[in-house]
Number of protein chains: 2
Amino acid sequence: MSKVMTIREMCDAFDVTPRTLRFYEAKELLFPIREGQRRLFTKRDRARLKLILQGKRFGFSLEDIRQLLDLYDMGDQQFTQLNRTYELAQERLADMISQRDELTGAIEDLRQQLKWGEERLAELKRHAAE
Amino acid sequence: MSKVMTIREMCDAFDVTPRTLRFYEAKELLFPIREGQRRLFTKRDRARLKLILQGKRFGFSLEDIRQLLDLYDMGDQQFTQLNRTYELAQERLADMISQRDELTGAIEDLRQQLKWGEERLAELKRHAAE
DNA sequence: CGTTCCGTTTACGTCAACGTCAACTTTCCT
DNA sequence: AGGAAAGTTGACGTTGACGTAAACGGAACG
């Protein structure tokens with residue numbers, strides 16, 4: 001069924017802008033077929049884009065993603081390749097967790113401040129009522 | 001005891017670079033005394049810097065922070081002022097929480113992937129052993 | 001007196017991931 | 001044929017929070 005997709009179809013399917021897809025192509029993350037000037041995105045491009053978006057969600061940089069994607073393309077050295085990916089992913093996971101911890105701390109601190117602010121606001125109101 | 005501090009003392013005390021302090025001055029977040037060319041940071045500057053760093057931790061932009069700081073300086077309209085700060089803080093808190101939720105989701109997803117990766121790695125090892 | 005250190009100013013550079021705009025060409029629809 | 005719609009390229013802009021470099025001034029030390 002699905003053979004190739006136009007840029008617009010891709011945009012709709014993945015909720016990205018055309019600019020983004022061209023940008024990814026320029027960065028060598030995608031390799032759509034060029035029929036004349038038009039781009040045609042294959043199943044492979046779709047698979048890659050899916051991985052790209054996932055990678056972004058995990059906080060990988062596009063450069064990191066490109067390298068990982070390239071590893072998959074080379075296809076051989078399966079062990080080395082998967083291992084590398086695994087390592088990177090672990091690093092990312094650690095980063096994300098520490099980020100979340102920091103965020104959690106900041107959230108708690110900000111909550112404290114808000115509580116303090118509420119008290120002060122209450123004071124001011126009482127004051128104004130007199 | 002502590003009256004004014006030099007730029008270096010400030011850097012050491014707050015763990016920032018001179019460039020940062022000058023940058024904050026340029027952005028009108030700090031107003032050190034100028035003795036000739038030298039900057040001398042007062043107690044007020046220290047209080048402001050403390051708030052700045054806290055604000056950054058909460059994800060406020062420097063511009064937001066500047067405005068809030070200015071409100072405090074004007075000093076009157078205490079209610080309006082505190083209220084504004086309170087509102088902004090609430091927005092930030094909401095943002096931070098949703099960010100954390102997204103992060104938590106991504107962490108879980110990445111954990112899944114890692115688990116999957118481990119299985120595949122185990123397979124490859126078994127394969128290599130034969 | 002020389003050197004070294006701390007300080008200053010101005011201005012430009014950096015990084016990521018695109019957005020925006022202009023000026024074209026190509027394709028589709030009527 | 002004519003005009004909109006969709007596509008293209010290339011160049012430059014954006015955002016935030018500084019970093020870096022150049023070129024200079026004054027003072028403290030030995």
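The values are calculated or read from the model by the stated rules, or taken from the named source; none is laboratory data. Every value quoted in this text rests on a predicted model; they were computed, and no experiment measured them. With ideal geometry, Cβ positions are generated from the backbone for all residues, glycine too; neighbour counts draw on all protein chains shown. The area values use the complete protein model at the heavy-atom level, side chains included, leaving out ligands, DNA and RNA. Shrake-Rupley method; radii C 1.70, N 1.55, O 1.52, S 1.80 Å.
If you go through region A:10-33 and keep only what is over 20 Å from A:GLN54 (Cβ atoms) and surrounded by 11 or more Cβ atoms within 10 Å (Cβ to Cβ), you end up with A:PRO18, A:ARG22, A:ILE33. Among the residues of region B:64-91, those identified as within 7 Å of another protein chain (Cβ to nearest Cβ) and not polar (S, T, N, Q) are B:PHE79, B:LEU82, B:TYR86, B:ALA89. A:LEU30 meets the conditions (1) more than 9 Å from chain B (Cβ to nearest Cβ); (2) modelled with pLDDT under 95 in every case but one. The failed one is (2). Within region B:101-114, residues that are facing chain A (nearest Cβ under 7 Å) reach no partner that is loosely packed, with under 13 Cβ neighbours inside 10 Å and of a type in the set (S, T, N, Q) with beta carbons closer than 7 Å at six or more positions or on different chains. Inside region A:56-84, residues that are under 16 Å from the mean Cα position of the chain (by Cα) and either under 15 Å from B:THR104 (Cα atoms) or more than 14 Å from DNA strand C (Cβ to nearest atom) (or both) make up a count of 4. Of all residues assigned to region B:63-74, none qualifies as being away from DNA strand D (no atom under 16 Å from the Cβ), surrounded by 15 or more Cβ atoms within 10 Å (Cβ to Cβ), in a helix (DSSP H, G or I) and of a type in the set (D, E, K, R). For B:ILE97, are the conditions met, namely being within 14 Å of chain A (Cβ to nearest Cβ) and either among the β-branched types (Val, Ile, Thr) or more than 15 Å from DNA strand C (Cβ to nearest atom) (or both)? Taking the combined requirement at face value, the residue satisfies it.
Which is on the phi > 0 side of the Ramachandran plot and either open to solvent by 80 Å² or more (accessible area, probe 1.4 Å) or more than 13 Å from chain B (Cβ to nearest Cβ) (or both), of A:GLY59, A:GLY36? When all the criteria are applied, what remains is A:GLY36.
Suppose the filter is within 16 Å of DNA strand C (Cβ to nearest atom), within 20 Å of A:LEU110 (Cβ to Cβ) and among the hydrophobic types (A, V, I, L, M, F, W, C); does B:LEU49 pass it?
Values: within 16 Å of DNA strand C (Cβ to nearest atom): yes; within 20 Å of A:LEU110 (Cβ to Cβ): yes; among the hydrophobic types (A, V, I, L, M, F, W, C): yes.
Criteria met by B:LEU49.
Regarding A:ARG100, is this residue under 19 Å from A:GLN54 (Cα atoms) and touching a Leu at 6+ places or on another chain (Cβ under 9 Å)? Reasoning before the result, please.
Working: under 19 Å from A:GLN54 (Cα atoms): yes; touching a Leu at 6+ places or on another chain (Cβ under 9 Å): yes.
Judged against the criteria, A:ARG100 is a match.
Return the total of residues in region A:83-92 being free of Cβ contacts under 8 Å to residues at least 12 places away in the same chain and surrounded by 18 or more Cβ atoms within 10 Å (Cβ to Cβ). Steps first, answer last, please.
Step one: of region A:83-92, the residues free of Cβ contacts under 8 Å to residues at least 12 places away in the same chain are A:83, A:86-87, A:90-91.
Applying the additional criterion that residues be surrounded by 18 or more Cβ atoms within 10 Å (Cβ to Cβ) yields none.
Going through region A:83-92 one residue at a time, the tally reaches 0.
Exactly one residue out of A:ARG44, A:ARG66, A:ARG48 is touching a residue at least 24 places away in the same chain (Cβ under 8 Å), more than 30 Å from B:LEU93 (Cβ to Cβ) and charged (D, E, K, R), and it is A:ARG66. If the condition is being more than 8 Å from DNA strand D (Cβ to nearest atom), without any contact (Cβ under 8 Å) to a residue 40 or more places away in the chain, in a loop (DSSP other than H, G, I, E, B) and not hydroxyl-bearing (Ser, Thr, Tyr), then region A:4-35 contributes A:VAL4, A:ASP15, A:VAL16, A:LYS27, A:GLU28, A:LEU30, A:PHE31. For region A:39-52, which residues satisfy the criterion of being surrounded by 14 or more Cβ atoms within 10 Å (Cβ to Cβ) and part of a helix (DSSP H, G or I)? Hits for region A:39-52 are A:ASP45, A:ARG46, A:ARG48, A:LEU49, A:LEU51, A:ILE52.
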